[in-house]
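The structure under discussion appears below in the form of structure tokens.
Throughout, read-outs are computed from the coordinates displayed, never taken from laboratory work. Note that the structure is a prediction, hence the values are computed from the model and not measured. In this analysis, Cβ positions are derived from the backbone assuming ideal geometry, glycine residues included, and neighbour counts consider all displayed protein chains.
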Amino acid sequence: MAKKKEIELDLETIQKKARMEELYEERMERVARKAERKAILDELFRRKTEQAEDKDVCDDVRIRQIDEELIVLMDEVPRSETKARYKVNLLCGDVILNKAYKDFDKDMNKLLQWALENNLTEFVRIKQEFDWAKFKSMLTITGDGTIIFNDTGEVVEIDGLGVIEVPGKLVIK
């Protein structure tokens with residue numbers, strides 16, 4: 001018959017293991033509380049972010065309304081005018097309305113290709129980039145939106161070059 005093995009119970013080991021059980025349980029509770037706090041903070045942050053975004057939307061709408069009212073009022077008060085803008089001097093700052101204008105809608109790669117195909121190397125920079133500034137100085141946008149060469153008045157019809165309408169812009173300083 002097999003002999004039963006007797007288990008020796010060491011009181012000190014039992015006490016240490018009991019203490020380890022207590023520490024383990026306390027640790028798990030603290031980890032759980034920490035995770036719960038993090039989840040609560042994440043939710044609060046999400047809500048606050050959402051509230052801030054809502055307020056930003058409201059502020060953006062109001063800013064657009066104010067800008068529209070300032071534009072209307074600019075027509076009703078004395079203002080200085082240049083070719084590009086209107087300006088009203090106030091005690092708190094300047095209100096500037098940049099005028100709408102036509103600008104070139106350009107595709108630099110197509111313009112470069114056009115210049116190379118037409119042997120117009122004076123508009124091509126050494127690094128194979130279209131010299132827009134130089135070419136632009138030779139062009140004018142007419143009132144009806146047609147692009148013409150300044151010197152000849154010839155209408156310019158090039159793939160990659162067109163006219164776009166740039167809206168006026170209100171500037172607050």
Task: Positive dipole terminus of the chain, leading residue within 121, 104, 18 (C-beta point charges) - done: 18
TODO: Restrict the search to segment 1-93; then list the trypsin sites (Lys or Arg not before Pro) that DSSP places in a loop and that have at most 10 other Cβ atoms within 10 Å of their Cβ.
DONE: 3, 4, 5, 83
TODO: Could you work out the local net charge near residue 22, counting Lys and Arg as +1, Asp and Glu as -1, over the other residues with Cβ closer than 14 Å to its Cβ?
DONE: +1
- [ ] Note down the relative contact order for the chain as a percent, whole number, built from C-alpha pairs under 8 angstrom at least six residues apart.
- [x] 20 percent
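Find the eigenvalues of the gyration tensor of the Cα atoms of segment 98-172, then list the square roots of 5 times those eigenvalues as equivalent ellipsoid semi-axes, largest first, in whole angstrom.
Value: 25, 15, 10 Å, ordered largest first.
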Task: Cβ-based net charge around residue 93, under 13 Å, with every Lys or Arg adding one and every Asp or Glu removing one - done: +1
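Given the chain, report the % of alpha carbon pairs whose separation exceeds 24 Å.
Details: 10507 of 14878 pairs.
Roughly 71 percent, once rounded to a whole number.
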TODO: Using the Cα centre as the reference, give the magnitude of the dipole from point charges on the C-beta atoms of segment 1-116 (Lys, Arg: +1; Asp, Glu: -1; all else neutral), rounded to the nearest 20 debye.
DONE: 540 debye
